[in-house]
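Here the structure comes first, spelled out in structure tokens, and everything after it is commentary.
Every read-out reported here was derived from the displayed coordinates using simple, explicitly stated rules and does not represent laboratory data. Keep in mind the model is a prediction, meaning the values are calculated, not measured. Note that we place each Cβ from the backbone using ideal geometry, even for glycine, and neighbour counts take in every protein chain shown.
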Amino acid sequence: MEQFYINYANEKLHQQFNHHMFKAEQEEYVKEAVPWKEIKFKDNQGCIDLIEKPFGGIISLLEEEARVPKGSDAGFLLRLDNKFARNIWYEHHLKYPDQFVVKHFAGEVTYKITNFLEKNKDSILPDLLKTCKSSTHTIVQEFFEGETDSATTEEAPEEPKQDNARRGSTRPGFAPPRRNTEAPLPTNAQRQRASVMTKFKEELSKLVETLARAERHYVRCIKPNETKAHNVFDAPKVLSQLACNGVFETVTLRKAGFSNRMLFGVFLDRFFICMGQRSRDKHGIEDLLDSFLPNKTEWAIGNTKVFLRDTALTKLSEKQAEMCKHGVTALQCYIRSFNATAKLNHLRQMLEASIVIQRYSRKIRATKLYLDLKAAYEEKIRRITVVQAYGRRSLSMKVFNELVQHFNAVVTFQKMVKRYLAVTKLEVLADMRERYLAEQRRIAEEMARKLREEEERRIEMEKRRQEEERRRVEEERKREEEKRLREEE
């Protein structure tokens, strides 16, 4: 029964893998009108229908047998044989009449019918159920909120006795066990209570829905040999696992498909530098790809998306980096030219200003000298000296003030340029830091997810090992019991 749960869950997860890897991806190519040759794969929908079909599946037949008074494992097996006699995913075991075979995607698995109905019951003692419902912890009350106390429920009226021969087994050597006809029939609450299989099916459906909303990454684990021996590689076994898990079809799909796909808007935002004067639409993108990627097998244009192989994306990224480099170089040349021209013009203005100042100063000095010499030299010698001193002082102060103003202007311009460069550099560093932190967070989340998956696989393997050990012990006990009976006979 437990192995049936595991294989049922594996079938559902494999179906989701098929839908994600084959159906969804190939449907996207068809939707985008991309030339595509359909890749065939092994669909396990038939096996899932065999197990969980609402009316006529293994789960529904198990529930029906559990609701029938005096239901038994033999009756359940008889239902399966009658229902799925012509089903390609089901096969009754000819050698062992108490077993049946389900053909899962990974291979045929044989199930023993013993205790199927008993293990499917989710019976809880009334006292324990009442105690849990009256718990002071809210989470415990919510967990047992849907359970019904069978002890306080009124028993259903007894149904008329049925002829056991109608449900008897037709398999030779395997008759249904006789039950006490005086035993009380199950109550309505016991019949309506959800079974283990029903709860497992609901939880599995929730898990599949959760995985469908998540970003999935699949890891296929391949057993190199059945004995778990060191340095032993069973090639046929490994090949069979790869074929059953759809690895060959996945590789074919990945080789034939396009691993990178972007909406037109995303593509234009990413490679806007390469677009140049081309139109920002589908035709412009196609013209760009024709120019940069002559090999048309590396890319395709859909209705709303651009499909690229890894080599094509690498070439486009390299071309974009090259064009960015040329653009930055041209911008640097322009800035250097602008700064040099501004500095040259400033020096020219300063030179012209100094020439004009010198010319006017000489004129003033000559005029004053001429006027002073015109008067009596001995009478005006003191005034001439004072005027000359004042003139020199005035000229020096004027020149000094102009130099100070020019110096302050140069310093202010340098501060503005340095501040602009510093702000630009800080913005670039901040952007790089955000990208680095985002990448670190992504890597940390990926590592945490992988660790969780490893831990889940380890727990799953441990459960399987314990189950195999329990089966081995049970089989040894049965063989010893049969041996003892033969010796007694």
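Structure values in brief
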| read-out | value |
| --- | --- |
| Spatially proximal lysines relative to residue 363 (Cα-Cα < 20 Å; intrachain offsets below 8 disregarded) | 374, 398 |
| Within-13-Å neighbourhood charge of residue 442 [Cβ basis; K, R +1; D, E -1] | -1 |
| Burial ordering of 47, 132, fewest other beta-carbon atoms within 10 Å first | 132, 47 |
| Label-point separation, residue 361 to residue 339 (7 Å along Cα→Cβ), nm | 3.2 nm |
| Distance from segment 405-422 to segment 292-342 (C-alpha centre basis), Å | 35 Å |
| FRET E, pair residue 467, residue 413, Förster distance 51 Å, beta-carbon r, rounded to 0.05 | 0.05 |
| Amide H partners (placed H, <5 Å) of residue 306, local residues excluded | 262, 263, 264 |
| Extended-chain gain in nm, criterion 0.36 nm per residue less alpha-carbon gap, residue 110 and residue 446 | 117.2 nm |
| Burial ordering of 406, 137, fewest other beta-carbon atoms within 10 Å first | 137, 406 |
| Ordering of 62-69, 313-320 by burial proxy (mean other Cβ atoms within 10 Å per residue, highest first) | 62-69, 313-320 |
| Extended-chain gain in nm, criterion 0.36 nm per residue less alpha-carbon gap, residue 318 and residue 382 | 14.8 nm |
| Selected from 283, 370, 273, residue furthest toward positive end of dipole (segment 261-374; charges at beta carbon) | 370 |
| Length-normalised contact order for segment 261-374 - Cα pairs under 8 Å, 6+ apart - percent | 21 percent |
| Extension gain, residue 82 back to residue 456 (0.36 nm per residue minus Cα-Cα distance, nm) | 130.8 nm |
| Amide N of segment 456-489 lying under 17 Å from the label point, which is placed 7 angstrom from the Cα of residue 221 along Cα→Cβ | 456-469 |
| Pairwise FRET efficiency - residue 210 versus residue 439, Cβ, R0 = 25 Å, nearest 0.05 | 0.45 |
| Neighbour-count order for 337, 72, fewest beta carbons within 10 angstrom listed first | 337, 72 |
| Computed P(r) (all Cα pairs; segment 261-374; 5 Å bins; percent) | 2, 10, 13, 13, 8, 5, 5, 5, 5, 4, 4, 4, 4, 4, 4, 3, 3, 2, 1, 0 |
| Cut-off under 5 Å, modelled amide H: who pairs with residue 56 long-range | 61 |
| At R0 = 60 Å, FRET efficiency that the Cβ-Cβ distance of residue 488 and residue 229 yields, to 0.05 | 0.90 |
